[in-house]
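Quick notes on the structure that follows.
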Amino acid sequence: MKSLTNFLNNHVEEYLCCILMFTLSMLLILQVFFRYCLGQSLTWSEELARYIFVWLVYLGVPYGCLLMRHIKIDAGLMLFPKFMRKHVVMIGEISFFLLAIVVAYYSAAFDYKQFKIGLVSPALKIPMWVIYLAPFVGFSLAAIRQLQVILKGIKNLNSDNNVTDQGVA
């Protein structure tokens with residue numbers, strides 16, 4: 001049980017992103033083959049590729065948080081004295097955690113409206129709330145990952161470890 005928990009804690013976003021990227025690549029290869037070799041076009045492939053890409057992007061956000069490789073400006077961090085850098089990093093991590101909570105909250109409200117409207121995609125007839133669920137799932141997972149990073153950072157705040165380049169795993 002503990003190995004399953006460790007696996008999910010360390011690799012769930014990575015494997016989901018790999019599966020989505022592989023599926024997206026195969027789908028686009030299939031579309032190119034049908035269009036240029038057979039002279040026909042699949043009506044559903046572009047729409048599915050777009051939705052897979054949206055989910056891939058939003059699942060990449062928590063993966064970036066896990067690795068602590070999200071957008072930051074290291075040159076700006078170097079402007080601060082060395083003793084303050086860990087605190088500045090923690091302020092940034094807490095800020096992104098709060099942003100992830102806000103985005104997850106508002107995307108859940110928007111997704112609920114989509115659910116109530118009952119709109120479906122044109123070609124695949126997928127309920128649009130499934131597509132609009134991606135920001136909620138991505139930023140909810142990002143908030144969890146940021147919380148892990150913050151807790152690890154608090155534990156390492158008084159140590160000599162460089163917390164700016166260490167991920168959760």
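The values are calculated or read from the model by the stated rules, or taken from the named source; none is laboratory data. Quick caveat: nothing in here was measured; it's all calculated off a predicted structure. Using ideal geometry, Cβ is built from the backbone for each residue, glycine included, and neighbour counts are taken over all protein chains shown. These accessible areas exclude ligands, DNA and RNA; they are computed on the full protein's heavy atoms, side chains included. Shrake-Rupley method; radii C 1.70, N 1.55, O 1.52, S 1.80 Å.
Structural remarks
- Yes/no for SER107 being within 20 Å of the chain's Cα centre (by Cα) and among the hydroxyl-bearing types (Ser, Thr, Tyr): yes
- Given (1) in contact with a helix residue (DSSP H, G or I) (Cβ under 6 Å, 6 or more places away or on another chain); (2) exposed (fewer than 14 other Cβ atoms within 10 Å of the Cβ); (3) assigned to a helix (DSSP H, G or I), number of the condition GLN40 does not satisfy: (3)
- Count - residues of the range 135-157 that are free of Cβ contacts under 8 Å to residues at least 40 places away in the same chain, surrounded by fewer than 15 Cβ atoms within 10 Å (Cβ to Cβ) and of a type outside the set (Lys, Arg): 1
- Some residue of the range 43-50 being among the aliphatic types (A, V, I, L, M) and either modelled with pLDDT of 90 or more or over 25 Å from TRP129 (Cβ atoms) (or both): yes
- Close pairs from the range 65-79: first within 29 Å of ASN10 (Cβ to Cβ), partner open to solvent by 70 Å² or more (accessible area, probe 1.4 Å), Cβ under 7 Å, at least 6 apart: LEU66/ALA169; MET68/ASP165
- Residues that are at pLDDT below 85 and either loosely packed, with under 14 Cβ neighbours inside 10 Å or touching an Asp or Glu at 6+ places or on another chain (Cβ under 8 Å) (or both), drawn from the range 1-37: MET1, LYS2, SER3, LEU4, THR5, ASN6, PHE7, LEU8, ASN10
- Given (1) surrounded by 11 or more Cβ atoms within 10 Å (Cβ to Cβ); (2) modelled with pLDDT under 90, number of the condition VAL57 does not satisfy: (2)
- On the stretch given as the range 117-169, residues that are at pLDDT below 80 and either under 14 Å from the mean Cα position of the chain (by Cα) or of a type in the set (A, V, I, L, M, F, W, C) (or both) total 4.
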